[in-house]
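What follows is one structure encoded as structure tokens, with my remarks underneath.
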Amino acid sequence: MIVVADAEALANIAAERVIARIDFNSARIAICLTGGATPKRLYELLGTDAYRTRIPWHRVHWFIGDERFVPADDPLNNMGAARRIFLDHCAPPANIHAIPTDAATPEQSARLYEARLRSFYSADRLDPARPLFDAVLMGIGPDGHTASLFPGYPAVAETERWVVSVPEAHVEPFVPRITLTLPALASCAEMLFEVSGKDKRAIVSRVLAGEDLPAGRAASVGETTWLADRAALPENFRG
């Protein structure tokens with residue numbers, strides 16, 4: 001757990017950690033992004049000259065941990081938001097790997113994205129010694145979900161598939177989702193949670209208390225880091 005003063009400090013430290021992961025790998029790099037409001041400032045920073053010039057864009061591939069089953073240009077589309085904020089201005093189009101929401105169904109979309117991940121990884125089984133991603137960005141919802149893995153849903157218990165469809169979301173927006181599973185998300189050198197704002201305090205308290213929630217289950221085969229600003233933490237948190 002890394003505690004920072006506020007949301008701006010959180011975004012800056014997150015950007016530095018992403019850059020550090022990129023610098024650590026001299027070969028092909030894979031970063032898995034997340035949706036929601038919290039990472040938007042991080043994405044803005046990655047698109048600024050201060051960070052953009054430090055990223056070898058031709059070697060970095062960008063994926064997404066979950067997606068709403070809406071068109072790519074819909075405001076609710078997670079990768080669409082990341083593209084508008086920084087990817088379309090910086091990354092080669094071939095290095096942006098969006099979940100194909102133009103498929104006939106969410107289940108077909110999930111299977112197509114899983115096939116893409118397996119092809120990128122060049123194997124059908126994940127090897128803990130060879131993570132799929134260099135970094136996976138994560139958030140936490142008010143019910144303890146992360147990605148689109150909601151409490152009590154079958155997708156949380158999935159161990160074989162890398163990507164699954166979620167017919168009905170537990171929170172707004174109530175649209176079908178496609179999500180990476182816990183084993184696929186865990187296949188990374190670093191899993192980086194970003195948690196900001198007093199509205200997250202109640203659910204962070206539940207995770208810290210050890211309640212069995214998807215966000216509490218999510219952990220990397222490498223390093224798992226929680227970045228939180230003080231507003232998101234219980235008043236009695238001592239680190």
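Below is a table of values for the structure above.
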read-out: Note, ³J(HN,Hα) from phi for the range 112-124, Karplus 6.51, -1.76, 1.60, rounded to Hz, x at Gly and Pro; value: 5, 6, 4, 4, 5, 5, 5, 5, 4, 7, 6, 6, 9
read-out: Estimated vicinal HN-Hα couplings, Hz - the range 197-206 in sequence order (Karplus 6.51, -1.76, 1.60; Gly, Pro = x); value: x, 5, 6, 9, 4, 5, 6, 5, 4, 5
read-out: Sorted largest first, extent of the range 1-105 alpha carbons per principal axis (Å); value: 42, 32, 25
read-out: Principal axis dimensions, largest first and in whole angstrom, of the range 94-169 by Cα; value: 34, 32, 23
read-out: Karplus-derived HN-Hα couplings along the range 141-147 (A = 6.51, B = -1.76, C = 1.60, θ = phi - 60°), whole Hz, x at Gly and Pro; value: x, x, 9, x, 6, 9, 6
read-out: Considering only the chain, percent of DSSP beta bridges that pair antiparallel, nearest 5; value: 30
read-out: Amide hydrogen neighbours beyond the local backbone of SER148, cut-off 5 Å, H modeled; value: LEU180
read-out: Residue-normalised accessible area of the chain, expressed per residue, 1.4 Å probe, Å²; value: 44
read-out: The range 28-72: mean projected area of Cα convex hull, nm²; value: 3.9
read-out: Sulfur and carbon atoms: percent of accessible area, the chain [1.4 Å]; value: 53
read-out: Over the chain: helical MRE at 222 nm, DSSP H runs n ≥ 4 each giving -39500 (n - 2.57), nearest 500; value: -7500 deg cm²/dmol
read-out: Relative contact order %, the chain, counting alpha carbon pairs below 8 Å whose residues are six or more apart; value: 24
read-out: Net charge, ILE64 excluded, C-beta distance under 12 Å - Lys, Arg +1, Asp, Glu -1; value: +2
read-out: Square roots of 5 times each gyration tensor eigenvalue, C-alpha, the range 43-108, largest first, Å; value: 24, 12, 8
read-out: By average C-beta atoms within 10 angstrom, highest first, the peptides 209-218, 175-184, 160-169; value: 175-184, 160-169, 209-218
read-out: Expected-Rg normalisation [2.2 N^0.38 Å, Cα atoms] applied to the chain; value: 0.94
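The values are calculated or read from the model by the stated rules, or taken from the named source; none is laboratory data. This structure is a prediction, so every number in the text was calculated from the model and none was measured. For neighbour counting, all protein chains shown are included, and Cβ atoms are generated from backbone atoms with ideal geometry for every residue, glycine included. Quick note on the areas: whole protein, heavy atoms, side chains included, nothing else; ligands and nucleic acids left out. Shrake-Rupley method; radii C 1.70, N 1.55, O 1.52, S 1.80 Å.
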